[in-house]
Amino acid sequence: MKFSKEKWAEIKLSWQRYGGEYIALMFCGLLFLTVVWFFVICPIVNYFHENEISSLKTELLRKVEDNSATLEFSNENEAKKAELNLGEISKKDNIDFDNIKLYKKGKKFEIKVQFKSAK
């Protein structure tokens, strides 16, 4: 994209004449995007994340047997994400895990969660 000297001079003159208005428009646009981010996008993302955490907690509680649980996942990304979410669950809900290990079992991935014994 190449500008001729006349076009470039016109752009410079326009900027000199309306520079403050351009900056105000950019500021308003940035303000609008910030408001959309904090009041629309963040709550939606948080809702889905909390839903994912809740379903992981439910699955974990369903599979508890002899102070441990095994969760199965179809791919490694899901398993790693669940492993991170288990760390978040541990901190947020004050549930202590003795250890969390990720294993590959055939084509599936497993997370073995060992709970700390109550004393």
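Computed from the coordinates by the stated procedures, all read-outs in this text should not be read as laboratory data. It should be emphasised that the depicted structure is a prediction, and the values quoted were computed from it without experimental measurement. FYI the Cβ positions are ideal-geometry reconstructions off the backbone, even for glycines, and counts take in every protein chain you see.
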(request) For the chain, build the charge dipole from Cβ charges (+1 Lys, Arg; -1 Asp, Glu) around the Cα centre, then report which of CYS42, ILE11, LEU30 sits farthest towards its positive end. (result) ILE11
(request) Based on other C-beta atoms within 10 Å, arrange THR70, THR34 from fewest to most. (result) THR34, THR70
(request) May I ask you to derive the relative contact order of the chain, considering only C-alpha pairs under 8 Å and at least 6 residues apart, and to give it as an integer percent? (result) 20 percent
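Evaluate the charge dipole of the chain about its Cα centre and quote only its size in Debye, nearest 20, assuming +1 on the Cβ of each Lys and Arg and -1 on the Cβ of each Asp and Glu.
For the chain, the charge dipole is close to 440 debye.
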(request) Give the span of the chain's Cα atoms along each principal axis, as three whole-Å numbers ordered largest to smallest. (result) 80, 32, 19
